[in-house]
Amino acid sequence: KNTQYTMCWLDYKRCEDENYINKVLPFISNIYIVENNYYIRNAALELKEGLRSVFGIDPIIQTNSYPDFKQGTVIGKLGNDVMERFISKTERDKVADEGFLIKSVTNDSKSIIVLAAKSESGIIYGVFELINRLRLKSDLSSLNIIENPKAALRIINHWDNMDGSIERGYAGDSIFFSNGRIKKSLKRIKDYARLLASTGINGIVINNVNVRGKAVWLITPKFLPQLSEIAEIFRLYGIKLYLSINFASPIYIGGLSTADPLDPGVIRWWQDTVKMIYTYIPDFGGFLVKADSEFNPGPYVYGRSHADGANMLAKALLPYGGIVIWRAFVYNCLQDWRDTKTDRAKAAYDNFKPLDGKFLDNVVLQIKYGPMDFQVREPVSPLFGGMEKTNQMIEFQITQEYTGQQIHLCYLGTLWKEILEFDTYCKGEGSYVKRIVDGSLFGRKYCGFAGVSNIGNSINWTGHDLAQANLWTFGRLAWDPDRSVEDIAKEWILLTFGDDKKVLENILWMLLNSHRIYEKYTTPLGLGWMVNPGHHYGPNPEGYEYSKWGTYHRADTKAIGVDRTSKGTGYTLQYHSHWQEIFDDMEKCPEELLLFFHRVPYTHRLKSGKTLIQFMYDSHFEGADEVDVLIQKWEELKGKIDENIFNRVSERLKMQKEHAIEWRDVINTYFYRKTGIPDEKGRVIYP
Ligand code: GCW
């Protein structure tokens, strides 16, 4: 049995196209690095290895000099004399800190590729781009690329625990921790860094936001020496290390009697701690903090605000260039289901809106894309566009907690793209979420993307092989949210499976339709939450109905859904008037979110003329049927895909089908029992 893990889209296959090889060889048969720098050298090695696998050549890396008479790829920083010979001032000015320039130059019939950047991270991103271009058989003679990431922060969050388990992980155990320790072998971590850098990621938080037990001690000399080694691996790939912290660390580690952010002893303790961290990790990114959220301590414990808490840490980090990423996932997780006044959807806004303008410049608020919790569909969190004077990051969940746990195929790029393209109207038309999180709408420095990782130590990193596309897409969208997800998905397929036409066509269809299909047979119309409590897999229509988590649909025999309009819980009042009016109106409300905003009678007619109850039945029957199309599209690729991958995916699709049927039948029966209304089309609904 093969236990060696795959390298996903970096599993380079040999290029067989002689014609193309002959054309590109002159450009790549030598690699020059024009300054001797450890990080640039690593980038050059990365290129060399790529060229070796793709073209079977072994270019020599030459350092420090670039002889005029030679051809090949020249790598270096902008401003270097050699590079300046090839690059105009206009071009140079277009390259931002982490961006890069790649162009081909033909000089006296010599073929040269110039790869230049301002920083080492720009160079490593450029190298991966160049390898990809070569793999996709781009025409080198006319290569001319300048690329800059749009958002400053493109960070992966791991919910990895020190015992090696991963909260909401569906692809094996942690690659960072096991048995309460940091893992000794760094090989897989390096390969992970390579994968991430190739998508444009620049930050990583390796420990769970729920910081418990040994993980509290990660910020101490007990673990910092090993963390500094991990930081160095990531540094080679342009990625900064961040850590999640426990807000009560001064008590747990420091032995203080309080963690009050205004207490001088607490302030000093954090200053000392931060200072020490930077002696081990000079470019440490900063802290990620889940405070006053789901039983984690925070400033509320001491009657202080979240601005007090975040700013205290931010002041400690400021001298070293570090930042505080403060999560907005704050709500009452001990609600009484009898209480119909409290609406969890309103909580983040209620907690944070009053603090707009109160956070220091090196604090960023990390906000889940929707107001609840990563459901299959939610409206955009009204905090986007609601806080104009606060740095913001959007949090996406790459790991499929509520979207099929990497057993179901559920490509998330289409969902994320819709969220990013949402126009908040906060500064008039065109105030898209993507312009808020890339910092451009309000001219803010620290903004960006956080994605909760979907990887573990499984052989294919993500459990479901096709779930690799979600990781790839997160990175690519964070780099450039203006790109079409169709392009991003296509590129992933080409790089992962090669350029067979049928493979491209079928997998693209599967990816682009999978979220819609999953939504159809689970909880359409913005319903959400009908999952089994705890592990969140599989249907359970009232699993969360009488719980303390504030996640109710309140179905009775006549109607379902929560009235969140201005006449109901008032949630819609958190949006700009443009959207408030639309969401308030049952007729105007986007149908896919109908039950998020409205309480709707089962007999209500939707735009299609169907009643709500009939829509529910149709949606579930159709959704479960469409899984057959996914299976069929995949089966058509037999023989065209690596056999191991083919079989693994086939197996998961089979499970998806079974579990989709379970969803269909449980949900349909639930509604049938509530309403007594039969299916117009007379399909089987169990009584
Ligand atoms: O969705 C919930 C998850 C928790 C998670 C929490 C969060 C890390 O069920 O497992 O905790 O969100 O985002 O903090």
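Quick one: if the Förster radius is 45 Å, what FRET efficiency do Asn36 and Glu486 give, using the C-beta to C-beta distance and rounding to 0.05?
According to the calculation, E is roughly 0.60.
For region 398-488, what does the relative contact order come out to in percent, with C-alpha contacts under 8 Å and a separation of six or more?
32
Return the sequence-ordered ³J(HN,Hα) values of region 665-682 in whole Hz as given by the Karplus equation 6.51 cos²θ - 1.76 cosθ + 1.60 applied to θ = phi - 60°, using x for Gly and Pro.
Once θ is set to phi - 60°, the couplings for region 665-682 become 6, 5, 5, 4, 4, 4, 6, 5, 5, 5, 9, x, 8, x, 6, 4, 8, x Hz.
With an 8 Å cut-off on Cα pairs and a minimum separation of 6 or more residues, tell me the relative contact order of region 82-239 in percent.
Relative contact order of region 82-239: 22 percent.
Any aspartates and glutamates with Cα under 13 Å of the Lys640 Cα? List them, leaving off those in the same chain fewer than 8 positions away.
Asp499, Asp500, Glu505
Counting alpha carbon pairs within less than 8 Å and at least 6 residues apart, what relative contact order, in whole percent, applies to region 447-580?
So the answer I get is 9 percent.
Helix 264-280 versus the longest principal axis of the chain: what angle, 0 to 90°, nearest 10, using Cα atoms?
40
Show the residues, 5+ positions off or on another chain, whose built amide H is closer than 5 Å to the amide H of Asn30.
For Asn30, the qualifying residues are Thr73.
Of the cross-linked pairs Lys94/Lys427; Lys187/Lys315; Lys190/Lys501; Lys315/Lys417; Lys48/Lys502; Lys187/Lys214, which ones have a Cα-Cα span greater than 29 Å in the structure shown?
In this structure, Lys187/Lys315; Lys190/Lys501; Lys315/Lys417; Lys48/Lys502 exceed 29 Å between Cα atoms.
Can you tell me which of 52-58, 366-372, 219-225, 173-179 comes out highest on packing, and rank the rest after it, using the mean Cβ neighbours within 10 Å?
Most protected by this proxy first, the peptides run 366-372, 173-179, 219-225, 52-58.
For region 1-97, how big is the tail of P(r) above 17 Å, as a whole percent of Cα pairs?
Taking all Cα-Cα pairs of region 1-97, the fraction more than 17 Å apart is 61 percent.
How many percent of the alpha carbon pairs in region 575-634 exceed a separation of 16 Å?
55
Of all the Cα-Cα pairs you can form in region 606-687, what percent are over 22 Å apart?
Pairs farther apart than 22 Å: 39 percent.
Less than 15 Å from a label point 7 Å out along the Cα-to-Cβ axis of Asp585: which backbone N atoms in region 595-625 qualify, by residue?
Counting backbone N atoms under 15 Å from the label point, the list is 607.
Restricting things to alpha carbons, find the Rg to Rh ratio for region 466-514 using the Kirkwood radius for Rh.
Using only Cα positions, Rg/Rh for region 466-514 is 0.95.
Counting Lys and Arg as +1 and Asp and Glu as -1, what is the net charge of the other residues whose Cβ lies under 13 Å from the Cβ of Pro26?
+2
Consider a paramagnetic label point 7 Å from the Cα of Lys358 along Cα→Cβ; state which residues of region 296-338 have an amide N under 14 Å from it.
299-312
So how much slack lies between Asp556 and Asp336, counting 0.36 nm per residue of separation and subtracting their Cα-Cα distance, in nm?
Extra length from Asp556 to Asp336 when fully extended: 77.4 nm.
One-quarter of the Cα convex hull surface for region 391-482, in nm²?
Mean orientational projected area (region 391-482, Cα hull): 6.1 nm².
Can you list, bin by bin at 10 Å, the percent of alpha carbon pairs in region 530-641, starting at 0?
So the P(r) values, bin by bin, are 12, 31, 31, 16, 8, 1.
Taking the mean number of other Cβ atoms within 10 Å as a proxy for protection, how do you rank 619-629, 353-363 from highest to lowest?
Top of the packing list down: 619-629, 353-363.
Using only C-alpha atoms and all pairs of different ones, pull out the Kirkwood radius for the chain in Å with one decimal.
About 26.6 Å for the chain.
Taking the highest mean first, how do the peptides 254-264, 390-400 order by number of other beta carbon atoms within 10 angstrom per residue?
Put in order of decreasing packing, that is 390-400, 254-264.
If we count every other residue with Cβ under 13 angstrom of Phe287's Cβ, Lys/Arg +1 and Asp/Glu -1, where does the sum land?
+4
I need two numbers for region 59-123: Rg to one decimal and Dmax as a whole number, Cα atoms only, in Å.
Expressed in Å, the Cα Rg and Dmax of region 59-123 come to 11.5, 32.
Could you pull out the GluC sites (Glu not before Pro) across region 535-590 that fall in loop regions by DSSP (anything but H, G, I, E, B) with no more than 12 other Cβ atoms inside 10 Å?
Qualifying residues, ordered by number: Glu587.
Rounded to the nearest 5, what % of the DSSP beta bridges within the chain are antiparallel ones?
30
Quick note: the coordinates plus some simple rules give every number you see, no bench work behind them. Everything numeric here is computed off the predicted structure, so don't read it as measured data. Glycine gets a Cβ as well: all are built from the backbone with ideal geometry, and neighbour counts include every protein chain shown.
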